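What follows draws every value from the coordinates through simple rules; no lab data is involved. Predicted, not measured: the structure shown is a model, and the values here were computed from it. Note that we place each Cβ from the backbone using ideal geometry, even for glycine, and neighbour counts take in every protein chain shown.
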Amino acid sequence: MKKLVIAAIILSGFISFVSCETEKKVAMKEEEVALSGNPLFKSPLTADPCVLTYNDTLYLFTGSDLTPQGEEGFRMNDWYIFSTPDMVNWKNHGKKLTVSDFDWASNNAFAGHCVENNGKFWWYVPMVHKDSTARVHEGFAIGVAVADHPLGPYKDPIGKPIVADTTKNSIPLNIDPAVFVDDDGEVYMYWGSWNEVRMVKLKKNMVETDGPVQNVEGLTNFFEAPFVHKKGDTYYMSYAASYPSRTDYATAKSITGPWTYRGVLNDTLPNSPTNHQAIVNFKGNDYFFYHNAGLPDGGPFRRSVCVDKLEYDENGLLKKVVRTEKGVPQIKED
Ligand code: FUB
C-alpha cells in the first residue's frame, strides 16, 4: 500500500512537470513571434506613408521630416523607400526622390502616392511651384515621376505639374494625391486639404488630366489625405477628418461615388495633429499604415510611420483601428 502511495505521488509530480513544460513551450512559442514594433524606424523621421506590393515584397514610400526639435513648421525635401518581405525585416533603400528632381518645384515634399500601371511605377508628389506667377493660392502643385521598378530610378517625364493653382477648379492647397487604377483600366486622382477635396480622371498616359476637375460629395468632415482602396465590389475612401485629424472613411460602389459616410476608422493621435493613412493587403493580411510622433524626440513636425492591423466586420465595414506599440506579427511562409 505504502509503495502504491509513493508511486502515485511520483506519477502526479511527473504529470504536473510535463503539463508545466507544455504550457511553458506554448508561452515561449507565443513570445517567439517577431513583431514589427511601432514606430517602424528610429531613423530617419518618416511621414505620409503610401504602399504598394510587387513580386512578394511590400514597398513603403514616405516623406521625411527635417524640422529640428523645438521648431515649428514642415521642412521636407525628400521621399524615401523601404521594403519588406514579411513586415518585420525592413530595408531602407534611402532617398529615392527629391524636390530637385523636378525642374518646376522649389520646396515642401509633402505626401505622395505611388501606383503601378502599364508596367511602370508612377509616383505622384505635391510640392510648391518655383514660378511665383503660378502661385495663385498656396503655390502647391502635383507632379509625377516614373520608373520601371518600385525602387526607381524615378524621372519627371513631363517637366511640369499635372495639377496646379492655375488648374480650373483646383483648391487653395493642392496636396495629398491619391491615384487609383480601376479594374477597367480607367485612372482617377483624388487630392485635397483644408476641407476641400477634388477628383480628376487621368489619361492612360498617367501624366495628363482627362476632363474637368470635379468636386466630391459625401466625405463628411474631410480635411485632407484621401486614400482609395477596393475590396470585393466596394470602394473605400479613407481620409484625415477635422483638425487635429482622426481618420474617417466612406464607401461607394463606384470609384467616382456617390460616397456613403461610415464613421471613424482611427482616433486622433495624442501627439500629432496629422496621421496620413494608407491601406494595403499583403500576403493575405490587411494593414493600416499611418504616422504618429512616437519617437522620444518626436512631435507634430517630427513624425514616424507605424503599421497596425486593419479588420473588416461581417458586413464589409471597417473596424476601428487598434493602435499598438508592438505593431504587426511577422508573416511566416511555409
Ligand atoms: O507631411 C506634410 C502634410 O502633412 C501632408 O501632405 C499631409 O497629409 C499631412 O500629413
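Things to note:
- In order along region 131-145, phi translates into HN-Hα couplings of 7, 5, 6, 7, 8, 6, 10, 7, x, 6, 9, 10, x, 9, 10 Hz, rounded to whole numbers, per the Karplus curve 6.51 cos²θ - 1.76 cosθ + 1.60 with θ = phi - 60° and x for Gly and Pro.
- Too-long pairs where the Cα-Cα distance tops 24 Å, listed order kept, from LYS155/LYS332; LYS168/LYS203; LYS201/LYS253: LYS155/LYS332
- For the chain, the residue among ASN169, THR67, THR220 whose Cα projects farthest onto the positive side of the dipole built from Cβ charges is THR67.
- Spin-label model, ASP286 to ASN215: label points 7 Å out along the Cα-to-beta-carbon direction sit 3.2 nm apart.
- Computed over the chain, the ratio Rg/Rh where both radii use C-alpha atoms and Rh is Kirkwood: 1.11
- Placing R0 at 45 angstrom, the Cβ-Cβ distance between LEU66 and GLU314 gives a FRET efficiency of 0.50 after rounding to 0.05.
- Average projected area [Cα convex hull, region 56-110], square nanometres: 5.0 nm²
- Estimated Rh, region 246-334: Kirkwood, alpha-carbon pairs, angstrom: 14.5 Å
- Inter-centroid distance (Cα atoms) of region 261-295 relative to region 65-79, Å: 21 Å
- Dimensionless Rg ratio for region 124-223, taking C-alpha atoms and the 2.2 N^0.38 Å reference: 1.07
- Extension reserve of the LYS230-GLU333 stretch, reckoned as 0.36 nm per residue once the Cα distance is removed: 34.6 nm
- Scalar couplings 3J(HN,Hα) for region 313-318, obtained by applying the Karplus form with A = 6.51, B = -1.76, C = 1.60 to θ = phi - 60°, are 8, 5, 9, x, 8, 8 Hz; x denotes Gly and Pro.
- Per residue of the chain, the DSSP helices (runs of n ≥ 4 H) give a summed -39500 (n - 2.57) that works out to -3500 deg cm²/dmol at 222 nm.
- THR256-ASP56 pseudo-label distance in nm [points 7 Å out on the Cα-to-Cβ vector]: 4.1 nm
- Taking the longest Cα principal axis of the chain as reference, the axis of helix 2-32 is set at about 10 degrees.
- Among the trypsin sites (Lys or Arg not before Pro) in region 219-296, those located in a DSSP loop and surrounded by at most 15 other Cβ atoms within 10 Å of their own Cβ are LYS253, LYS283.
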